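Here is the structure we will look at, set down as structure tokens.
The values are calculated or read from the model by the stated rules, or taken from the named source; none is laboratory data. Not measured: the values here are computed from a predicted model. Please note: Cβ atoms are built from the backbone with ideal geometry, for glycine as well, and neighbour counts cover all protein chains shown. Keep in mind that these areas ignore ligands, DNA and RNA; they rest on the heavy atoms of the full protein, side chains included. Shrake-Rupley method; radii C 1.70, N 1.55, O 1.52, S 1.80 Å.
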Amino acid sequence: MRTLRRLKFMSSPSLSDLGKREQAALDERGAQQRQACSNATWNSIHNGVIAVFQRKGLPDHQLFHLNEGVRQLLKTELGSFFTEYLQNQLLTKGMVILRDKIRFYEELQKEEEEATTLGAPRVSLASTPACKDSELGIDHPYYDVARHGILQLAGDDNSGRRVITFSCCRMPPSHELNHSRLLGYLKYTLDQYVENDYTIVYFHYGLTSRNKPSLSWLQSAYKEFGRKYKKNLKAFYVVHPTDFIKVVWTIFKPLISHKFGKKVTYFNYLSELREHLKYDQLMIPPEVIRHDEKLQNMRLGRTPPLVKMPPPRPPLPTQQFGVSLKYIRDKNKGELIPPVMKETVTYLKDKGLHSEGLFRRSANVQTIKEIQRLYNQGKPVNFDDYGDIHIPAVILKTFLRELPQPLLTFEAYEQILAIISVESSLRVTHCKEIVGGLPEHNYAVLKYLMGFLHMVSQECIFNKMTGSNLACVFGLNLIWPSNGASSLNALMPLNLFTELMIDFYENIFSSRVVPCGTSL
């Protein structure tokens, strides 16, 4: 008997089921394409990282695509894995795997290429002279680190912000330097500036595998420097960067604050700093200068010819910036208070005493240059047109900073430094004696300025600018040595002296009569 099998018929799919299946197929194909794209991006990033550690340079367009690839990966399902790879695999296990290659290329290839191509002998870290600082004593809390001169105070940039330099060539071999102490010294130094805008110049030349800190140290350093350090850091200049720095920074850039990343600028040559800083105030190590000269010669292919500089032009009769107080007085019918100082002080006294952070904020560089040009040409300046109370404040600081001789005079510099060794109860009297010995014109201008700053400090409940805060801003604008900029260790006595003049204004400036027309 034939067995009849019952046929089974499948029910017809509904239109909604067909739509779901088609959508699922599209999603699967899209996922496969995205996965393929992510894999390709991942491979390019991985190859780029390996190339960096093998000391193979990457063109700028590859750096751009590498950066874009990282950003795309962070937005995909591989984002968390990629972050973990960067933070763990690359920084720990990956470094162990590539350690031998790094040492080989950094210690042999780099030094051999510099010795042959640049025609310079290898740099001996052990013989690198430490920076001699006459104000640095063995009682300094970080004397063991500070004596090397790795960090230096280098005056101000073109916006009036304090400049701190970090020179890698001053770093001794790792076994001779406690990097934990170095981190502490960095924080100790920056703590004196973080309340105001500041700039860091990083000289990369001289960093080798023998003296560079570990990557784990770099990680901990970045975490240690929190918002209070990054907020008022307005510019971070990297001089003589290598491909290694550029690529590693490009890879890590997506993981770092966008605002902080915008502050980093690369300079291939020292000459590029002139547009942003007072180059003559920078205490650049001789090794860095020689390295820069060799790079310039390589770029030009020959020794650059000597160029005769034209003689400086005489100042305009209405010049206000960069000329002496005597010159301004002689061109303004004997007026002791320079017009630019009288106008900025008057404006700030009327409209800025309650402005929070007065004198601590910076202003647009081009705007400041434009106002300087107007003053130098004898044209009127209306600060209401600019809508920023910090602009006249910056103009006042700029005027003081660009005087050929500081308002407190070069002769008083050493006396002011000695204020810190004077007994506390006698410091006001000592300060009064130094101020009383100033030339008449300097005394009159200083009294006018200190009277205004004393007035600002009286409104500190609104503007947050106490005598101490104002001293940090104005100290180095009132006095500096005749040969170069003040050192970090001179900062404390200079600021202390300025604070005394502000807080004890009525006592210090009471015994000497000034001509009429010089009062607020």
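Annotations
- Cβ-Cβ FRET estimate between D139 and V422, R0 fixed at 22 Å, reported to 0.05: 0.85
- L316-D388 FRET efficiency (beta carbon distance; Förster radius 30 Å; 0.05 resolution): 0.70
- Label-point gap, in nm, between Q415 and K230 - each point 7 angstrom along Cα→Cβ: 4.7
- Set K228/K464; K369/K447; K231/K369 screened for pairs whose C-alpha atoms are more than 22 Å apart: K369/K447; K231/K369
- Working from Cα pairs under 8 Å separated by at least six residues, relative contact order for the stretch 380-470 is 17 percent.
- Distance between modelled label sites at K294 and E335, nm, 7 Å Cα→Cβ extension: 5.5
- Summing Lys and Arg as +1 and Asp and Glu as -1 over all other residues whose Cβ lies under 10 Å from the Cβ of H148 gives a net charge of 0.
- Among the listed pairs K278/K349; K351/K379; K234/K351; K187/K262, a Cα-Cα separation exceeding 24 Å is found for K278/K349; K234/K351.
- Segment N268..W217, full-extension length gain: 15.8 nm, with 0.36 nm per residue of separation and the alpha-carbon distance subtracted.
- Share of carbon and sulfur in the accessible area of the stretch 143-300 stands at 52%, probe radius 1.4 Å.
- Percent carbon-and-sulfur accessible area, the stretch 447-512, ignoring ligands, DNA and RNA, probe 1.4 Å: 53
- Relative to one another, the C-alpha centroids of the stretch 322-347 and the stretch 189-223 are positioned 41 Å apart.
- Proximal charge balance of Y505 [Cβ under 12 Å; K/R count +1, D/E count -1]: -1
- Nearest-0.05 FRET efficiency for N178 and S324, computed from C-beta distance (R0 35 Å): 0.15
- Spacing of the two label points (7 Å from each Cα toward its C-beta) at V513 and K379, in nm: 4.3
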